[in-house]
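Asks: One structure, as structure tokens, below. Some questions next.
What follows is calculated from the coordinates using simple rules that are stated; it is not laboratory data. Computed from a prediction, not measured in an experiment: that's the story for all the values here. Because the Cβ atoms are built from the backbone with ideal geometry, glycine has one as well, and the counts that use them run over all protein chains shown.
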């Protein structure tokens, strides 16, 4: 069974604005998938649906075997614990340390503080920021802030990482480092779905979905492209 499955999904906002139309796609566990397309193509909407931030207007969406339309509201937080979300705007809290930022997802779900701190330190070590635990996020570079966001996303050991334009505001070297980290988590078995408009980042993809005007117009796989 696919870990993410869209079947004829549409998302319609007030005013009959169609963000996505009749999207069908399947993502298998362990894949590194890119969503390609210009601004406004529907990439962010797809990721919001995958994260359970929005529910589809029409069609069937399944995440880790759960039909999102039928999922009880009280069960949604438990599903989200299996997801790691990385945004273009990192939304770090500048009034608390890097370590406290990474601990936050665990504290929200009632983790023991000592365990949360230990896991946060491990996550920061994995992204190369073990020496930045006590600093405030605003004192970091843009690339370092995004690496803190990655640590926060993986601290609860998710099965899926969803990244919305994670390299858009970074220089080439920082962007490459961030992508290398996401690749490393994918190599460890984590499914990664990354939206981007930068074709330089795509050579390591398992699968690429190309969006235009809210529709998937092509699916690329290594060595071939299929029009849809």
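Asks: Report for the chain the percent antiparallel among DSSP-assigned beta bridges with both residues inside it, nearest 5.
Replies: Of those bridges, close to 55 percent are antiparallel.
Asks: Please build a GNM for the chain, connecting alpha carbons under 10 Å apart, and tell me which residue among 108, 135, 127 fluctuates the most.
Replies: Greatest mean-square fluctuation among the candidates belongs to 108.
Asks: Ordered by packing density, taken as the mean number of other Cβ atoms within 10 Å over each peptide's residues, highest first, how do 118-124, 178-184 rank?
Replies: So the peptides 118-124, 178-184, ranked by packing, come out 118-124, 178-184.
Asks: Follow-up question, since we're still on this one. Taking just the C-alpha trace of region 120-227, give me its Rg and Dmax in Å.
Replies: Radius of gyration, then largest Cα-Cα span, for region 120-227: 15.2, 50 Å.
Asks: Considering Cα pairs under 8 angstrom that are at least six residues apart, work out the relative contact order of the chain and quote it in whole percent.
Replies: Result for the chain is 28 percent.
Asks: On to the next question. For the ranges 26-38, 83-95, what's the packing order if you count other beta-carbon atoms within 10 Å of each residue, average per peptide, and put the highest first?
Replies: Packing proxy ranking, top to bottom: 26-38, 83-95.
Asks: Hey, of (1) 29, 21, 16; (2) 48, 22, 14; (3) 22, 20, 18, which did the structure itself give for semi-axes √(5λ) of the Cα gyration tensor in Å when calculated?
Replies: Identified label for the calculated read-out: (1).
Asks: Between region 126-179 and region 90-108, what's the alpha-carbon centroid distance in Å?
Replies: 12
Asks: Follow-up question, since we're still on this one. Among 131, 169, 186, whose mean-square fluctuation peaks in a Gaussian network model of the chain (Cα, cutoff 10 Å)?
Replies: 131
Asks: Only helical DSSP H runs with n ≥ 4 go in: add -39500 (n - 2.57) per run for the chain, normalise by residue count and round the 222 nm mean residue ellipticity to 500 deg cm²/dmol.
Replies: Calculated from helices alone, the mean residue ellipticity at 222 nm is -9000 deg cm²/dmol.
Asks: Under 8 Å for C-alpha pairs, at least 6 residues apart: give me the relative contact order for region 133-222, rounded to a whole percent.
Replies: Values: 79 pairs, mean separation 20.6, N = 90.
Here the relative contact order equals 23 percent.
Asks: Which values, in whole Å and largest first, are the semi-axes of the equivalent ellipsoid of region 166-209 obtained as the square root of 5 times each eigenvalue of the Cα gyration tensor?
Replies: 17, 13, 8
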